[in-house]
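Okay, structure first, notes after.
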Amino acid sequence: MITQHRIRRRMATTTPILLALLLLAFVALTLALGDRAAARMASETLIRVTLVVGFWIFAGNSGVISFGHAAFACVGAYVSAWTTLNPAMKATLLPGLPPALAEAHWHVLPAALTAGLVAAALALVTGAAILRLSGIAASIATFAFLAMVNTIWANWTPVTGGTSSVVGLARYVTPWVALGWAIAAILAASLYAASASGLALRATREDEVAASASGIDQYRHRLLAYTLSAFFCGVGGALAGHFIGVINPDGFYLSLTFLMLAMLVVGGIGSLSGAVIGVLAVSLAVEALVRLEKGFTLGTATFALPPGSQEIIIAVAMILVLVFRPAGLMAGREIMLPARWVTGRGTSQN
Amino acid sequence: MTLTLEQVGVAFGGFRALTEVSLAIAPGQVTGLIGPNGAGKTTCVNTLTGFQRPDTGRVVLEGRDMSRLPAHGFRRAGVARTFQAGRLFGGLDVLDNLACTGVGLGMRRAAAEQAAAEVLHWMGLEALESRPAAGLPYTDERRIAIARALIGNPDYLLLDEPAAGMSEKEAADLAGLIRRIATEKGIGCLLIEHNVGLVLSVCAHVVVLDGGRVIEQGDRATILGSAAVREAYFGADQAEAA
Ligand SMILES: Nc1ncnc2c1ncn2[C@@H]1O[C@H](COP(=O)(O)OP(=O)(O)OP(=O)(O)O)[C@@H](O)[C@H]1O
Ligand SMILES: [Mg+2]
C-alpha cells in the first residue's frame, strides 16, 4: 500500500524539475522580447536565484536568519576576479596579490567553482564558531561577520583594491550561464532538503530541545548546511561580478543583504519554491519600477517616479507581505505535480 | 547494569532543586518517580538525559560516567525521553517526526522512515502516519511522542507525566503500553506521574521525591505504608491524624 507520506515524498521530487522549467520559461520569454534590457534583467534575476536559493539552504532549513551571506558573495566575486583577471592588469590594480594569484589567468568555470569552494571553506571556519551560539545570538554574530569582511575588504587595498572598484572582469554571464547555475543551486537545495541532514536540521528548526532528545547534533547539521549554502552564495557573487564586470566591497554589503532577505521573506522562507518565487516577484516588481522611474508616455503626458523610490517601494511591499501573508507568497508550500500524476498504475487499485 | 544518579545535586542560583539524589533505573523494568509539584522530578529526568549538568554527583550508565555528555549523546547512548509538554515537530508529519530520531541516530533517511513505520505498526498507530503533527489530538500527540522516543530501541525510556490530562480509560491504555515497552522491548522505563494509582499499578519499584530529596523508595507496600510519603502528599497534620 502506498501511503500519503510516500506520495508527498514523490511529489516533492518534482519540485526542482518544475522550478527549473519555470526559470527556463522565464528566460525564453524575456529573450523573446528581444530587448537588451530584458535580457540583462533575466541574467540578474537568475544570479539572484543562485544567491537566494543558496541562502535558503541554510536559513530555510535551520530557521536561523543569517545576515552574513552577502559576505560569501563578496569573497566569491573577488576570488573569481583574482583568478581570471589579466595578470598585467592585476600587477597595477592589485600589487599585493601573492605570486600564484598574480600570475593566474584561469578559465571562468574553474574560477566560479573555486569562488564557491573558498566561500564554503570560509563558512566552515567561521561557522564553527558562530553556529555554536543559539538562534538570535547566531544571527547577530553573522551580522558582525558581514561587517568584518566588509571592513577587511575595504582596507586591504593591495589585495582587494580597497574601496575603489576592481574592473575588467570578463563579462561572460549570459541568461543561459546564469540559468545553469540557478538550476544547479535548486537541485542541490532540494537534494539537501530531502537528505537525512536536511530532515534533522528542520527538526532543530521546529524544536531545538526535542531535536537533541532525538539524538540530533544541531551544530553539525547547521554547519553542513551553512557550508553548502555559502558555496552557492560564493558562486552567485562570482557571477554577479562577471555580470557587471566591476566589483567593489560595498556592492556586496548591506543593500545586497537587504535584497536577499526581502526576496526570501516575500516568497516565504518555509519552502524552496518560496525562495525562487520571491526572487522572481521582487525582480519583476523592481524591473517595472525601474521602467517607471525612467518614465513612460501615455498620449502626450509623461509619467515618472522620482529616482530612488525603488528601495522604498520594495520595503513597503515587504511590509505588506509581512502583514497580510506573514509566511510569504508561497506560505511554506512547494510547487509540485499533483498526487495523481506521481502515483503509478499499481496504486489506483487500492 | 543500570542508569543511575549518584549523589546528584542541582542548584538554580541559590535554589537547590536536587540535593544528594541517588536513584537507579533497572533494565527491562518500570520504575516510578512521584512527588508533589516542584519536587524536582523533571529536573531528575533532565539530569538523567543530559539536559541538565549536575553540580555535584554523577550520572552513570552501565558503569560509564555520562556527566559531561551533551543531550544528543545521551540519546545515542540509548537513553530516550519524552517531555511534559509533548514537543512534537509541529511542521512535520508524524512519520517524519519519528524519522527524525532515526536520522539523529545516524540512519539514512529511508532506513529512518522504515524504522518509523515499524514502531507505528507496533503501537497500532499506522493511521496517523501522514498526519501533520501540529493538528493531532492531545492523546495522540502523547503517544506519538512516545513512539518517537522508541525509534532505534533505546535501553532506557524516561516518561515525564505521559498521562497528564488523559481520561481514566486512556490512562489505563497508556499503562498497558508502558508495560509492553518494558516486557516486549526490554526497555528500562522511568515513569513520572501525578496519578499515584497508575504508578503503583505499573511499577515494581517507586522513588518518592520531595523538596529535591529522595524521601522514600521501595515497592508498593513500602510506599503505601510510608509516613514520610503521607506527610509529603497530605501535609504533617493529616499524617499525624491518620
Ligand atoms: N531552569 C530553572 N531555573 C530555576 N528554577 C527551576 C528551573 N527548573 C526548575 N526549577 C525549580 O526547581 C524546582 C523543581 O522543578 P521540577 O520541574 O523539577 O519539578 P517537578 O517535580 O517536575 O514539578 P511538576 O510536578 O510541577 O512538573 C521547582 O521549584 C522549579 O521552580
Ligand atoms: Mg515536572
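The values are calculated or read from the model by the stated rules, or taken from the named source; none is laboratory data. Just so you know, these numbers come straight off a predicted model, no measurement behind them. Virtual Cβ from ideal backbone geometry, glycine too; neighbours counted across all protein chains shown. Heads up: the accessible areas ignore ligands, DNA and RNA and are worked out on the full protein's heavy atoms, side chains in. Shrake-Rupley method; radii C 1.70, N 1.55, O 1.52, S 1.80 Å.
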message = If I filter the stretch B:150-170 down to residues being open to solvent by 10 Å² or more (accessible area, probe 1.4 Å) and either in a helix (DSSP H, G or I) or of a type in the set (Lys, Arg) (or both), which single residue comes out as farthest from ligand 1 (Cβ to nearest atom)?
response = B:LYS169
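Regarding A:THR204, is this residue farther than 23 Å from B:ARG76 by Cβ, open to solvent by less than 10 Å² (accessible area, probe 1.4 Å) and touching a residue at least 24 places away in the same chain (Cβ under 8 Å)? It would help to see each step written out before you state the result.
Working: farther than 23 Å from B:ARG76 by Cβ: no; open to solvent by less than 10 Å² (accessible area, probe 1.4 Å): yes; touching a residue at least 24 places away in the same chain (Cβ under 8 Å): yes.
In short, no.
Let's see how each residue does on (1) within 15 Å of ligand 1 (Cβ to nearest atom); (2) open to solvent by less than 40 Å² (accessible area, probe 1.4 Å); (3) more than 14 Å from every other protein chain (Cβ to nearest Cβ):
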position	(1), (2), (3)
B:ALA24	no, no, yes
B:GLN29	no, no, yes
B:ASN37	yes, no, yes
B:LYS41	yes, yes, yes
B:VAL45	yes, yes, no
B:ARG58	no, no, yes
B:LEU61	no, yes, yes
task = Just give me the residues in the stretch B:171-195 being within 16 Å of ligand 1 (Cβ to nearest atom) and of a type in the set (D, E, K, R), in sequence order.
result = B:GLU193
remark   = Scanning the stretch A:242-251 for residues that are touching a Phe, Trp or Tyr at 6+ places or on another chain (Cβ under 8 Å) and assigned to a helix (DSSP H, G or I) gives A:HIS242, A:PRO249
query = Quick one: would you say A:VAL290 is away from chain B (no Cβ under 14 Å) and buried (at least 17 other Cβ atoms within 10 Å of the Cβ)?
reply = no
Whichever residue in the stretch B:67-83 is farther than 19 Å from B:LEU159 by Cβ, part of a loop (DSSP other than H, G, I, E, B) and more than 8 Å from chain A (Cβ to nearest Cβ) and, among such residues, is least open to solvent (accessible area, probe 1.4 Å) = B:SER67
task = Output the helices (runs of 4 or more DSSP H) that fall wholly within the stretch A:107-226 and possess 2 or more residues being within 14 Å of another protein chain (Cβ to nearest Cβ) and under 20 Å from the mean Cα position of the chain (by Cα), or say none.
result = A:175-194, A:196-206
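Can you go through B:GLY91, B:GLY124, B:GLY106, B:GLY86 and tell me which one is touching a helix residue (DSSP H, G or I) at 6+ places or on another chain (Cβ under 7 Å), surrounded by fewer than 22 Cβ atoms within 10 Å (Cβ to Cβ) and on the phi > 0 side of the Ramachandran plot? Show your work before the answer.
Numbers: B:GLY91 fails: on the phi > 0 side of the Ramachandran plot; B:GLY124 fails: touching a helix residue (DSSP H, G or I) at 6+ places or on another chain (Cβ under 7 Å); B:GLY106 fails: touching a helix residue (DSSP H, G or I) at 6+ places or on another chain (Cβ under 7 Å).
From the options B:GLY91, B:GLY124, B:GLY106, B:GLY86, the qualifying one is B:GLY86.
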query = Looking at (1) open to solvent by 10 Å² or more (accessible area, probe 1.4 Å); (2) away from ligand 1 (no atom under 15 Å from the Cβ), which is the only condition B:LEU198 fails?
reply = (2)
query = Which of the residues that make up the stretch B:30-55 are within 11 Å of ligand 2 (Cβ to nearest atom), closer than 16 Å to B:PHE12 by Cα and part of a loop (DSSP other than H, G, I, E, B)?
reply = B:GLY38, B:ALA39, B:GLY40
Residues (closer than 21 Å to B:ALA111 by Cα and surrounded by 23 or more Cβ atoms within 10 Å (Cβ to Cβ)) located in the stretch B:129-143 = B:ALA133
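Might you let me know whether the stretch A:66-79 holds any residue that is more than 30 Å from A:TYR219 (Cα to Cα) and either at pLDDT 95 or above or in contact with a Gly (Cβ under 9 Å, 6 or more places away or on another chain) (or both)? If you could, list the steps in order and put the result at the bottom.
Just the residues of the stretch A:66-79 that are more than 30 Å from A:TYR219 (Cα to Cα), to begin with: none.
No, the stretch A:66-79 contains no residue that is more than 30 Å from A:TYR219 (Cα to Cα) and either at pLDDT 95 or above or in contact with a Gly (Cβ under 9 Å, 6 or more places away or on another chain) (or both).
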task = Determine which member of the set A:VAL75, A:VAL166, A:VAL118, A:VAL159 is more than 15 Å from A:VAL235 (Cα to Cα), in contact with a helix residue (DSSP H, G or I) (Cβ under 6 Å, 6 or more places away or on another chain) and touching a residue at least 60 places away in the same chain (Cβ under 8 Å).
result = A:VAL166
